[in-house]
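The values are calculated or read from the model by the stated rules, or taken from the named source; none is laboratory data. Quick caveat, the model's predicted, so the values are computed rather than measured. Neighbour counts are summed over all protein chains in view; Cβ atoms, including those assigned to glycine, are modelled from backbone coordinates with ideal geometry. Heavy atoms of the whole protein, side chains included, go into the accessibility calculation; ligands, DNA and RNA do not. Shrake-Rupley method; radii C 1.70, N 1.55, O 1.52, S 1.80 Å.
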Amino acid sequence: MALPFSHSIPSPVSLHPMPSHLAADAPAVPVLPRSTDHHHHKLVISGGGHLSGHVPISGSKNSALAVLAGALCCSGGAVEVRGVPDISDARAMVAILRSLGAQVQERGGGELAVDSTALSSAVPAADEVRKIRAGFFVLGPLVARLGEAAVALPGGHGKVHVKAANGRGLTGGRFHLDYPSVGASETLMMAASMAEGVSVLTNVAQEPEVADLARFLVACGAQIKGVGTRTLVIDGRRSLHGAQFTVIPDRIETGTFMVAAAITRSCVSLSPVIPCHLTSIIDKLSAVGCRISQKGDGILEVSAATATAGGDLRGLYLKTLPYPGFPTDLQPQFMALLTTCGGPSIVEESVFENRMHHVKELQKLGARIEVHGRSAFVKGRTTQRNVALSGSKVEAADLRGGAALVLAGMAARGVTEVVGVHHIDRGYENFEAKLLNLGADISREVIC
């Protein structure tokens, strides 16, 4: 069968180390004392200050979780994955792999070695799978290798039982996604990489994390053409081999710290970053009045200081979209920023339903927001001297909403206490420690 097109696969991306001239000025990120139960932690923030300095960006959470699941495809040798962030979601994925019989060695510094040559089960630990949506990613590799799988539904009850029609493995075919879902794209890609014959996947997600998973699979011997496009052509292989791979920098963490600079009217640099992954974020921050410049290979500087921004930041219209549109995972953080900008803003959430839980908590801080369906109408500051937010006690209901509340607390007058910190720990490595290094007045405390 002749493939419809050919597309070259770039080599795996390596993280750039922090430039020496920045590393000399950047203190080591301190490790704050933590108990094992993060459900009983809170973050206490004294707002009104400015940030300055450099932020070391961790490896991508969403890429690392998919790549770790993809390691189950490799029956021909161990995989070494670098850049895995030290977050609770990654620890849950490691527990899932171990429950299937994979051997996982934690080597420190974000490096894991995964040997899945001898899987012992097609049923991952249900309690771990239910903790993270990415736990469902193991479905494709398990069915392709073992002919069956029984995977718990993330966040709920019940299991999905899948058996290969021939009782042995999968057969390639044509698959069209009605919506370019990241999870569906990645699950199908992993399954097709080991299916018999050629598979054509159309309308797949174009998120950088999807392309990163494809590059990992290619490094392990998969034959995938069209990486980064809407159409993937995958010539299945009976087995994949081990490889060394480094995940891309986390664009959502990068965007969160860019918003942190903006909401505190500060100047901050960040690395390593891949600027082309941040185009929509850079465009929106520039539109509100921030100045963003590239200072070197993989280094960005964000300035929202009044002297460089040319006045106060201003509101705008924002709509979340699949990549390359504005990411839904930065909608809560950007909404927090818009409450501090001059004039009105509109935020339209078109990707996820019910992603407005943070609005009620932002309102406790004094934010003037009205929600109508999937749109939020934000009334910003009336004057440049007016402080839009005031400290209060708030609760994080999810990962990105929790980050938004911390950012809002840094811009608020007085003290803000954020509970539900375990949500933030799911996806941000040393979040408060990195903010502390930038000069934020923030501490993690045990709830009495």
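Some notes on this structure:
- With protein chains left intact and a 1.4 Å probe, residues in the chain average 40 Å² of accessible area per residue.
- Shown here is the pair-distance distribution of the chain: with all Cα-Cα distances grouped in 10 Å bins from zero up to the longest one, the shares run 4, 21, 30, 25, 14, 5, 0 percent.
- A simple spin-label model places the labels of Leu153 and Glu106 3.1 nm from each other, with each point 7 Å out along Cα-to-Cβ.
- Cα long-axis angle, helix 182-194 against the chain (0 to 90 degrees, to the nearest 10): 20
- A Förster distance of 22 Å, applied to the separation of the beta-carbon atoms of Ile346 and Cys276, puts the FRET efficiency at 0.20.
- Per-selection Rg to Rh, the stretch 126-235 - Cα, Kirkwood hydrodynamic radius: 0.96
- Computed from the C-alpha gyration tensor, the three semi-axes of the ellipsoid equivalent to the stretch 64-157 are 19, 17, 9 Å, from longest to shortest.
- In this structure Asp212 has an accessible area near 0 Å², from a 1.4 Å probe over the protein heavy atoms.
- Length gained on full extension, Ala287 to Arg413: 42.8 nm, using 0.36 nm per residue less the C-alpha separation.
- For the stretch 212-363, share of DSSP beta bridges that run antiparallel, in % to the nearest 5: 70
- FRET E, pair Glu80, Leu119, Förster distance 25 Å, beta-carbon r, rounded to 0.05: 0.85
- Each Lys and Arg Cβ is given +1 and each Asp and Glu Cβ -1; about its Cα centre, the chain then shows a dipole of about 620 debye.
- Using all pairs of distinct alpha-carbon atoms, the Kirkwood hydrodynamic radius of the stretch 356-400 works out to 11.6 angstrom.
- Using θ = phi - 60° and Karplus 6.51 cos²θ - 1.76 cosθ + 1.60, couplings along the stretch 41-54 (whole Hz; Gly, Pro as x): 10, 9, 9, 10, 10, 9, x, x, x, 10, 10, 7, x, 10
- In this structure, Asp297 and Asn166 have a Cβ-Cβ separation that, at R0 = 41 Å, corresponds to a calculated FRET efficiency of about 0.25.
- Neighbour-limited loop hits for chymotrypsin sites (Phe, Trp or Tyr not before Pro), the stretch 217-318 (at most 15 other Cβ within 10 Å; DSSP other than H, G, I, E, B): none
- Length gained on full extension, Arg230 to Arg368, computed as 0.36 nm times the residue gap minus the Cα-Cα distance: 45.8 nm.
- Over all pairs of different C-alpha atoms, the stretch 390-448 has a mean inverse distance whose reciprocal, the Kirkwood radius, equals 11.6 Å.
- For the stretch 345-377 versus the stretch 119-169, the gap between their alpha-carbon centres in whole angstrom: 35
- Estimated vicinal HN-Hα couplings, Hz - the stretch 318-327 in sequence order (Karplus 6.51, -1.76, 1.60; Gly, Pro = x): 9, 10, 6, 8, x, 4, x, x, 5, x
- If you take the alpha carbon atoms of the stretch 329-448 and fit the smallest convex hull around them, that volume is 103 Å³ per residue.
- What a 1.4 Å probe finds exposed on the chain is 52% carbon and sulfur by accessible area, rounded to a whole percent.
- From the alpha carbon centroid of the stretch 229-259 to that of the stretch 385-415 is 32 Å.
- The angle between the Cα long axis of helix 208-219 and the longest principal axis of the Cα atoms of the chain comes to about 30 degrees, rounded to the nearest 10.
- Within the stretch 223-328, the percentage of alpha carbon pairs spaced more than 21 angstrom apart rounds to 47%.
- ³J(HN,Hα), Karplus 6.51/-1.76/1.60, whole Hz, each residue of the stretch 360-366, x for Gly, Pro: 4, 6, 5, 5, 5, 8, x
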